[in-house]
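Following: one structure in structure tokens, then a few remarks.
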Amino acid sequence: MKKTALMLSLLLLAAFPALGFEKVQNLTLTADGLKKLEITAGAGSLTVSGRDGLAAIEVKARIAVSGVSEKEMEDWIKTHVELELRKAGDAGVLVGEIHSRGLSSLFEGDARIDLTVFVPKSLGLRIDDGSGEMVVEDIKADVRIKDGSGAIRVGKVTGNLWIDDGSGEIAVDGIEGNVDIIDGSGGLEVRNVTGDVSIDDGSGGITLLKVGGTVTIDDGSGHLEIDDVGKDVHLRHKGSGSVDITNVRGKVIR
């Protein structure tokens with residue numbers, strides 16, 4: 001029985017060769033009257049950058065699929081890809097996701113949408129991301145990120161930052177506001193924050209350097225390094241891993 005199943009799998013692979021194709025689509029939405037951009041993204045990378053003087057949201061979407069030919073690509077996109085940029089009240093809404101459609105998904109192979117987004121710097125961000133690397137930079141508003149997996153890098157944000165992450169490395173640098181992070185696993189590094197930093201971490205090393213406010217950490221496991229904190233440091237819980245705390249101008253409360 002197992003031999004028959006193996007032979008069938010080999011025949012199917014021969015019948016559906018590993019082809020691949022990609023297509024780029026561009027979307028634009030005027031930012032007049034908008035206060036924030038809400039992004040829902042599936043598999044693929046996501047880069048969001050703020051720009052001075054920009055009057056619109058500009059999106060470049062690269063759709064890459066293995067298992068289809070150039071001839072089949074258009075029909076595949078119509079059937080499986082949800083890609084739109086629209087206005088909803090005072091928010092812009094960007095959706096970039098790939099959906100399976102029954103048995104045809106057996107032959108789809110890998111598919112992803114890589115999104116590159118340029119926004120006015122003053123536009124707030126609400127991001128719900130499935131998997132893939134993420135970069136957010138140069139934003140003068142609050143940023144909220146919910147992420148399944150993949151590395152996250154956030155830099156140069158004038159506003160509060162909130163991250164709820166399942167797994168993957170997180171690097172935060174240059175936040176003029178408060179930082180609140182819930183992290184399942186993966187290394188975490190936070191630098192140059194003017195406000196408070198709160199971290200609830202499952203596993204992975206944590207490095208905090210130059211925080212102007214209070215630091216509060218609930219940590220499961222991994223090395224913990226804290227240096228240059230303007231106020232108090234609260235360690236609510238510390239599992240396994242070494243702890244190195246220096247240059248705290250307030251109290252260290254364990």
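The values are calculated or read from the model by the stated rules, or taken from the named source; none is laboratory data. Note that the structure is predicted; figures quoted are calculated from it, not measured. Note that we place each Cβ from the backbone using ideal geometry, even for glycine, and neighbour counts take in every protein chain shown.
Side notes on the structure shown:
- Qualifying residue in region 194-211 (condition: surrounded by fewer than 17 Cβ atoms within 10 Å (Cβ to Cβ), in a strand (DSSP E or B) and touching a Gly at 6+ places or on another chain (Cβ under 6 Å)): no
- Residues of region 114-159 satisfying the condition of being outside any strand (DSSP E or B) and surrounded by fewer than 20 Cβ atoms within 10 Å (Cβ to Cβ): LYS121, SER122, GLU133, LYS140, ASP142, ALA151, THR158, GLY159
- Extreme residue, modelled with the highest pLDDT, among residues of region 44-53 that are surrounded by fewer than 19 Cβ atoms within 10 Å (Cβ to Cβ) and either small (Gly, Ala, Ser) or closer than 17 Å to LYS87 by Cα (or both): SER49
- Sub-6 Å Cβ pairs linking a first residue in region 61-88 that is outside the structural domain of PHE118 (by TED's automatic domain parsing) to a second residue that is part of a strand (DSSP E or B) and aromatic (Phe, Trp, Tyr), at least 6 apart or interchain, number zero.
- Region 149-208, residues that are at positive phi and either out of contact with any Asp or Glu (no Cβ under 6 Å at 6 or more places or on another chain) or not basic (Lys, Arg) (or both): GLY150, GLY159, GLY168, GLY174, GLY177, GLY186, ASN192, GLY204
- Output for region 26-85, where each listed residue is assigned to a strand (DSSP E or B), farther than 22 Å from GLY132 by Cα and of a type outside the set (Gly, Ala, Ser): THR28, LEU29, THR30, LYS36, ARG51
- Residues of region 54-82 that are of a type in the set (Gly, Ala, Ser), over 17 Å from GLN25 (Cβ atoms) and either crowded, with 18+ Cβ neighbours inside 10 Å or at pLDDT 95 or above (or both): ALA55, GLY67.
Listed here are the residues, each with its yes/no results for (1) of a type in the set (A, V, I, L, M); (2) modelled with pLDDT under 95.
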| residue | (1), (2) |
| --- | --- |
| GLU84 | no, no |
| ASP110 | no, yes |
| ARG126 | no, no |
| ILE152 | yes, no |
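- Check on ILE98, of a type in the set (A, V, I, L, M, F, W, C) and touching a helix residue (DSSP H, G or I) at 6+ places or on another chain (Cβ under 7 Å): yes
- Residue in region 45-83 that is nearest to GLY148 (Cα to Cα), counting only those that are out of contact with any strand residue (DSSP E or B) (no Cβ under 7 Å at 6 or more places or on another chain) and of a type in the set (Lys, Arg): LYS78
- Of the residues making up region 212-227, those that are in a strand (DSSP E or B) and farther than 20 Å from VAL157 by Cα are THR216, ILE217, ASP218, ASP219, GLY220, SER221, LEU224, GLU225, ILE226, ASP227.
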